[in-house]
1. About the Cα centre, and with charges only on the beta carbon of Lys, Arg (+1) and Asp, Glu (-1), how big is the dipole of the stretch 74-245? Nearest 20 debye, please.
2. Dipole size in debye (nearest 20) for the stretch 10-66 around its Cα centre, Lys and Arg Cβ +1, Asp and Glu Cβ -1?
3. Helix 10-19 sits at what angle to the longest principal axis of the chain, using alpha carbons and giving 0 to 90 degrees rounded to 10?
4. I'd like to know which of 165, 134, 90 lies farthest towards the positive end of the charge dipole of the stretch 81-197, counting +1 on Cβ of Lys and Arg and -1 on Cβ of Asp and Glu.
5. Under the 0.36 nm per residue contour assumption, what length would be gained going from the current alpha-carbon distance of residue 50 and residue 196 to full extension?
6. In deg cm²/dmol and to the nearest 500, what is the mean residue ellipticity at 222 nm of the chain if only DSSP H runs of at least 4 residues count, each as -39500 (n - 2.57), divided by the residue total?
7. Work out how much length residue 85 to residue 166 would gain on full extension: take 0.36 nm times their residue separation and subtract the Cα-Cα distance, in nm to one decimal.
8. Given the options 35, 64, 10, identify the residue whose Cα lies farthest towards the positive end of the charge dipole of the stretch 10-66 (+1 on Cβ of Lys, Arg; -1 on Cβ of Asp, Glu).
Amino acid sequence: MAKSSRGQSGLSRAVRVLEAFDSSRSELTLTQVAARTSMAPSTVHGIVAELLGLGLLERRGRELILGVKLWELAVRAPGVFGLRETALPYLEKLRDKLLQHAQLGILQGAEVLYLERLSSPESAVNFTTVGGRMPWYATSSGLVLVAGQSPEEEDRILGLPRPRYAAEPAQSAATLRARLAKVRVEGHAVTNGFIHPDSTAIAVPVRGPYGRTVAALAVVVPADGFHLEPVMAVLAPAARTVGLQLMKSLTGQMGSLAGEYR
């Protein structure tokens, strides 16, 4: 990459701009970014414009914030920084406490892609497979994930065809929109008998920067005798902790990247 007059590559200057955002100041104006990076405002303006175009920065009024695209790239990274690796210990705890299935999914298009599933010997019926996909409207994870999208993306997804997948009820766009609004209020989704009549799935969001939903943590339990409260007592804290661990990893990774390009 070409060097600037100060001997710094364009990438190193872009990293300096991203590094200007920290836990003490997560929202900065262009002038503040220039002051924090000790770069000319005209230089910062050009870098910021490119980062905005790439989705690595976003605007919030007059101020700039780190973009969700940066988070999306970060959680795909392998090793301890990856989403699956971060969530795995908490999936194991969920499985061991509930003695049922625990699984992790992300939204890919209009489908849920399952990154992991852990099961106990006497778990409920569950057709989820690691690396497998299911339509979003047929799963608790899908409802949680779509409920966490922007209004524009929700509209786009609701406008797509929804062929019958399993035993889920026929759902109009209006019915699904109301269901998604309820998920946002309650913080979880429950699908009773959608995939198999003997099973109930409960999902909660894993949240990233600015409260964005980046994944769904879910359990599948027997429909017979199901009670929501004991499940949520372990599922909701697990999802919150996974989100916090991902944030810590993201902060550390950004610091390491910035150090490499100084």
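Nothing in this text is a laboratory measurement; each read-out follows from the coordinates by a stated rule. The shown structure was predicted, so the numbers you read here are calculated from the model rather than taken from an experiment. Cβ placement follows ideal geometry from the backbone for every residue including glycine, while neighbour counts extend to all protein chains displayed.
1. Numbers: 17 positive and 15 negative charges, 68 e Å.
Dipole of the stretch 74-245, to the nearest 20 debye: 320 debye.
2. Numbers: 7 positive and 6 negative charges, 22 e Å.
My answer is approximately 100 debye.
3. 60
4. 165
5. On the way: separation 146, 0.36 × 146 = 52.56 nm, distance 4.79 nm.
Taking residue 50 through residue 196 to full extension adds about 47.8 nm, to one decimal.
6. Working: 9 runs with 119 residues, N = 262.
Calculated mean residue ellipticity at 222 nm is -14500 deg cm²/dmol.
7. Details: separation 81, 0.36 × 81 = 29.16 nm, distance 3.02 nm.
Roughly 26.1 nm would be gained on extension.
8. 35
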